Amino acid sequence: MKLRLIVSWLVFGLVLLVGAWFAGQIAGRAQAAAECAHANADVYQSLLEQSAEHLKEASTKSQQLFNRLAKRAEADMNTTRELRHVLAETADSRADCRFPDSVMQQLNAARARAAEAVTSGLGATLPDPGGGG
């Protein structure tokens, strides 16, 4: 009887040890999964923050480009207006294909500004709308 009691206690102890071992395994796996999920969440949060920063930067650059294009269009309109005004003043002279020197100089200056805009791009400073260079 005593032997049976000892064996029963040993079996009970063995069952407790095996149960504790399995519980530790399950808890360890759960903890590892939680740490992995936390690390993934940190990576995703960082990615979202970087994406938001890139979006903000792209928006700023887009607005700068829009402003440069608007200034370029305004300068082009002013140049066209100036040329039309000068050509309107000398319309009667053009009947014989005669142009005053000032008109030819303004045409050459406009051609040079257009060539510079094409070669230097939008990042270059815009010419003075008054034609001063």
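Values in this text are rule-based calculations from the coordinates and carry no lab data. Model, not experiment: these values are computed from the prediction. Please note: Cβ atoms are built from the backbone with ideal geometry, for glycine as well, and neighbour counts cover all protein chains shown.
Which one, Gln64, Gln25, Gln45, has the greatest fluctuation when you compute a Gaussian network model over the chain with C-alpha springs under 10 angstrom?
Of Gln64, Gln25, Gln45, the Gaussian network model singles out Gln25 as fluctuating most.
Starting from region 9-118, pick out the trypsin sites (Lys or Arg not before Pro) whose DSSP state is loop and whose Cβ has at most 10 other Cβ atoms within 10 Å.
Arg98
Please express the shape of the chain as an equivalent ellipsoid: the semi-axes are the square roots of 5 times the eigenvalues of the C-alpha gyration tensor, given largest first in whole angstrom. Please report the intermediate quantities before stating the final value.
Details: eigenvalues 1638, 18, 14 Å².
One finds semi-axes of 90, 10, 8 Å for the chain.
For Lys71, give me every one of the lysines with a C-alpha distance below 19 angstrom, ignoring sequence neighbours fewer than eight places off in its own chain.
Within reach: Lys61.
Can you tell me the orientation of helix 101-120 relative to the chain, as the angle in degrees between its alpha-carbon axis and the longest Cα principal axis, to the nearest 10?
The angle comes out near 10 degrees.
For the chain, find the longest principal axis of its Cα atoms and tell me its angle to the long axis of helix 2-89, 0 to 90°, nearest 10.
0 degrees
Using 1/(1 + (r/R0)^6) with R0 = 30 angstrom and r between the beta carbons of Tyr44 and Lys71, what's the FRET efficiency to the nearest 0.05?
Approximately 0.15, to the nearest 0.05.
Label points 7 Å out from Cα along the Cβ direction at Val18 and Ala52: separation in nm?
5.3 nm
For the chain, give the magnitude of the charge dipole about the Cα centre (Cβ charges: +1 Lys/Arg, -1 Asp/Glu; no others), in debye to the nearest 20. Each step should come with its number before you reach the end.
Details: 14 positive and 14 negative charges, 179 e Å.
About 860 debye.
Any chance you could run the full-extension gain for Ala32 through Gln64? It's 0.36 nm times the residue separation minus the Cα-Cα distance, nm to one decimal.
This chain segment gains 6.7 nm when fully extended.
Using a Förster distance of 22 angstrom, determine the FRET efficiency expected from the C-beta separation of Arg81 and Leu107, and round it to 0.05.
Given R0 = 22 Å and the Cβ-Cβ separation, E is 0.95.
Go ahead and estimate [θ] at 222 nm for the chain from helices alone: -39,500 (n - 2.57) per DSSP H run with n ≥ 4, summed, over the residue count, rounded to 500.
About -30500 deg cm²/dmol.
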